[in-house]
Amino acid sequence: MQTNPNVKPPGVGSGTLVKNNKYQLIFRSQWFLLLLAEFLIAIITGIVNPRFFTISNVINVLEQIAVLGIVSSGMTLLIISGEIDISVGANIGLSSCVMAIMIKSGIGVFPSFVTGIALAIFSSFLVGLTAHTFKAPSFITSLAFISVFQGIALAITKGSFQTIYGQAETIGMTRLGNVLPLSFVISLGAYLVVHFILAYTKFGRRIYSVGSNPAAAYLSGISVIKTKYYAFLFSGFFVGIGSMVLLSRIGAAQPSTGSGIELKAIGAVVIGGTPLSGGKGRIIGTLLGVLLMGIISNALNMMRVNPYYQQVTFGLLIIASLAMSIFSSYKGHARSEKSTKKAIE
Amino acid sequence: MNQLNSTIGAPLVVMKGIVKCFPGVIALNQVDFELLPGEVHVLLGENGAGKSTLIKVLSGAFPADSGEIFIYGEKVVIESPEVPLKKGLRFIYQELNLVPQIDIARNIFLGVEPLGIRKLGIINTSTLYKTASQLLERFNIQLDPHRIVSTLSVTQQKMVEIARALVTDARVIVLDEPTDVLESTSRNDLFKVINHLKKEGVGFIYISHRYAEVYELGDRVTILRDGKNVGTFSIRDLTLETMIEKMIGGKIGKQYPSLPAPQEKIILRLENFYKGTVVQGVDFSLRKGELLGITGLMGAGKTELARAIAGVDPPTSGSLYIEDEKVMVRTPEEAIRHGISFLTENRKTEGLILDQSLRNNYGLPNINRLSPFGMVKIKKMNDEIDFYMKELTIKAPHRFTLAGQLSGGNQQKLVLAKWLGTHAKVIIFDEPTRGIDIIGRREVYRIMQELLAEGTSILMFTSDYAEAMEMSHRVMVMRRGKIVKEFPRSSASEDDILKAAIGVGEFR
């Protein structure tokens with residue numbers, strides 16, 4: 001093929017273009033749009049209700065998105081690997097109930113947390129194990145496990161609240177320098193760990209490979225099953241950490257604790273530009289996705305929107321983000337077709 | 001073409017001054033093309049010369065930037081795939097596009113089923129099967145229309161697809177490398193159908209890399225190079241040599257390189273290899289620096305044997321020795337650990353991750369070696385892929401270019417690069433040059449030659465008999481899961497191999 005100097009190439013495709021297009025790429029990337037949307041929402045809310053920008057409100061937002069951020073970090077790994085776990089909410093419910101019961105019965109806080117986290121890892125592993133063993137999508141097995149986890153949690157708590165007020169508040173309530181919530185710092189840690197895994201480790205590279213083309217990965221000597229199991233284990237670990245932070249902040253647990261967080265977590269990952277088909281994605285997107293969730297939730301509260309409508313908003317937001325990712329992947333095509341049509345006319 | 005009285009008549013399709021630009025390249029530059037009734041018009045050119053772009057412009061996959069298209073003398077604007085379909089143009093692509101779970105008749109009438117009374121959407125099954133069997137009979141296809149498509153051979157499926165193209169009066173049929181998936185024995189059946197239709201005045205546009213076929217079937221040939229029309233010629237007036245020279249725009253050298261002599265030491269030995277019913281007791285040994293070719297008909301068990309040795313689908317029984325040590329290879333991971341690399345025939349689906357960069361593709365089998373303590377040495381990985389891009393002349397702007405943007409030949413070189421990084425003792429190639437043009441082939445052969453010189457051993461599974469004969473130190477022919485014959489290099493003709501592959505007694 002011949003190169004034509006008169007044709008302006010719009011997309012990526014040739015080496016010299018990479019540098020010129022760097023800024024364009026940033027402007028077009030999903031996470032940049034997200035950041036823009038967040039600023040916009042914040043400014044509008046701030047104008048409507050100036051209390052939005054007070055330190056106490058900002059801290060409030062950060063505290064509220066901490067657990068979601070931790071869970072979403074693990075979910076990012078899982079979704080990139082081509083799997084999904086919609087039982088994370090129920091998993092939080094079960095593991096936080098177990099932690100609370102243990103603390104209540106006088107077992108130390110530390111061993112209780114460790115046990116709870118181990119349980120969360122195990123639960124997540126079960127989702128992966130059943131999916132692989134029975135050759136079912138993890139979407140289905142995790143759907144089934146929602147019922148299992150919730151049922152067990154109901155059985156061991158007999159449906160009642162497990163309160164541990166004042167016994168394990170350090171993690172949930174500490175504010176570094178009296179400002180920064182420790183829980184938020186932990187969630188930052190989760191993002192960093194996942195970023196590190198994805199960018200710098202063998203495991204991270206393999207996650208992308210198995211999510212993108214498992215056949216090619218397998219033939220290249222990568223154990224697809226093992227990689228996916230590890231993704232489940234990591235996701236379970238983050239769910240466990242999330243349960244611990246949540247329990248410590250609320251000071252009580254019940255079987256329904258955490259329910260609904262799966263939708264928000266998957267939503268945050270998808271809004272952040274990781275496609276549900278796997279193989280692609282970055283943690284910065286998830287971070288901003290979580291932030292968007294937090295800001296919107298807070299803004300709706302500030303503007304006194306009926307909480308029932310808030311739920312509607314989140315659902316629509318996820319749909320919108322799916323539409324956006326489809327749209328951005330077709331944008332390139334549409335542009336080239338438009339120009340060719342013009343040329344014909 | 002004037003020798004054929006059936007080609008007289010107004011052209012079916014005329015394309016004039018077609019221009020199509022993609023970002024940064026002119027894929028088609030003022031290309032003219034003409035198809036007469038009753039002719040097989042071959043489109044020739046290297047990968048990326050613009051053959052498929054021209055076909056896609058005609059099919060309505062995307063519009064041309066400028067140029068005119070006439071169908072049956074009438075000027076048309078092809079803005080969507082429906083336009084050529086309504087005009088009676090049919091496109092048959094390399095891949096099969098049938099629904100495997102339903103029967104032949106229903107596939108033929110898919111979407112155009114004859115409806116019963118009052119057209120309530122109820123299919124008139126008796127008409128369906130009657131018309132289908134008439135159609136099959138017309139083209140001498142001896143198949144029961146009730147048979148489920150998945151039980152048919154690939155050739156038979158291709159025939160059904162052609163029958164489907166003809167169910168609604170087709171006058172132009174475009175065939176894109178139709179024989180790439182067919183064996184040589186069954187190609188003749190396809191050609192019979194084509195010749196039959198030619199007599200009825202149907203025009204064929206035929207894309208193929210196989211020159212023998214071009215001579216056997218074609219009337220005229222249009223050669224494309226770098227998006228330009230080099231010329232349209234009567235095939236009988238053109239020698240193979242001039243044809244290839246026009247195609248690549250220069251003199252051709254030797255197709256197959258000389259091979260360095262193998263060493264004495266035996267690297268890999270197979271004993272009594274079985275895989276289900278497909279591979280039935282295979283023994284052979286491979287020496288250091290030796291290239292052993294294994295060929296046979298489709299279904300002889302070549303691919304299954306290759307995949308069994310590579311641990312992709314482990315053998316049911318049998319032993320594998322690497323340098324006289326018995327090893328167990330049950331996964332590709334273990335194969336790589338024992339120094340066996342496997343280049344699959346399905347480059348795009350199993351060999352590469354098309355939506356990832358060259359570098360990440362390179363990393364696939366090398367990530368273990370490049371990650372001591374689980375941490376990837378990114379700089380080392382970058383250096384290595386840059387090295388191989390230069391060494392193998394992979395034409396890509398950058399190591400972050402996506403693998404899917406490369407041409408077929410460059411993709412195969414990337415697959416090679418990825419496996420060269422593992423420094424394997426034995427490299428297994430399954431159909432190494434399928435779908436690769438003449439230049440790309442030569443580069444693959446050159447790399448093979450260099451590998452042999454460095455002492456790497458190669459097992460080459462191929463259905464291209466010429467390649468098997470000319471590129472291997474020894475050729476083994478497989479039939480029904482067994483090795484039936486062995487030839488030293490260049491000691492037999494393609495015909496001899498074919499005879500061995502079919503079993504001489506059955507040979508016509």
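In the list A:G189, A:G251, which residue meets the criterion of being on the phi > 0 side of the Ramachandran plot and surrounded by fewer than 24 Cβ atoms within 10 Å (Cβ to Cβ)? Every option except A:G251 fails the conditions.
If you go through the range A:115-139 and pick out every residue that is over 21 Å from A:F161 (Cα atoms) and assigned to a helix (DSSP H, G or I), you end up with 16.
Of all the residues in the range B:387-420, those that are assigned to a loop (DSSP other than H, G, I, E, B), polar (S, T, N, Q) and surrounded by fewer than 20 Cβ atoms within 10 Å (Cβ to Cβ) number 2. Against the test of being away from chain B (no Cβ under 14 Å), among the aromatic types (F, W, Y), under 30 Å from B:N368 (Cα atoms) and without any contact (Cβ under 8 Å) to a residue 40 or more places away in the chain, the options A:F134, A:F125 yield a single qualifying residue, A:F134.
Taken as a whole, the range B:334-350 holds at least one residue that is small (G, A, S) and more than 11 Å from A:L219 (Cα to Cα). Screening A:L263 with (1) surrounded by fewer than 18 Cβ atoms within 10 Å (Cβ to Cβ); (2) over 18 Å from A:M324 (Cβ atoms) gives one miss only, at (2). Screening A:Q162 against (1) modelled with pLDDT under 95; (2) within 14 Å of chain B (Cβ to nearest Cβ) leaves a single unmet condition, (2).
Looking across the range B:458-501 at every residue that is touching a helix residue (DSSP H, G or I) at 6+ places or on another chain (Cβ under 7 Å) and among the β-branched types (V, I, T), the one that is surrounded by the most Cβ atoms within 10 Å (Cβ to Cβ) is identified as B:V475.
The set of residues from the range A:209-255 being among the β-branched types (V, I, T) and within 14 Å of chain B (Cβ to nearest Cβ) comprises A:V210, A:I222, A:V224, A:I225, A:T227.
Of A:G281, A:G273, A:G258, all but one fail to be within 14 Å of another protein chain (Cβ to nearest Cβ) and either aromatic (F, W, Y) or not in a helix (DSSP H, G or I) (or both); the exception is A:G281. Considering only residues in the range B:378-398 that are of a type outside the set (G, A, S) and within 10 Å of chain A (Cβ to nearest Cβ), the one that is farthest from B:R442 (Cα to Cα) turns out to be B:I378.
Listed by position, the strands (runs of 3 or more DSSP E) contained in the range B:21-110 that have at least 1 residues being surrounded by fewer than 19 Cβ atoms within 10 Å (Cβ to Cβ) and without any contact (Cβ under 8 Å) to a residue 40 or more places away in the chain are B:74-76. Taking the conditions (1) within 19 Å of B:P11 (Cβ to Cβ); (2) modelled with pLDDT under 90; (3) away from chain A (no Cβ under 13 Å) in turn, B:L36 satisfies each one other than (2).
The values are calculated or read from the model by the stated rules, or taken from the named source; none is laboratory data. Keep in mind the model is a prediction, meaning the values are calculated, not measured. Counting neighbours? That spans all protein chains shown, and the Cβs are built from the backbone with ideal geometry, glycine included.
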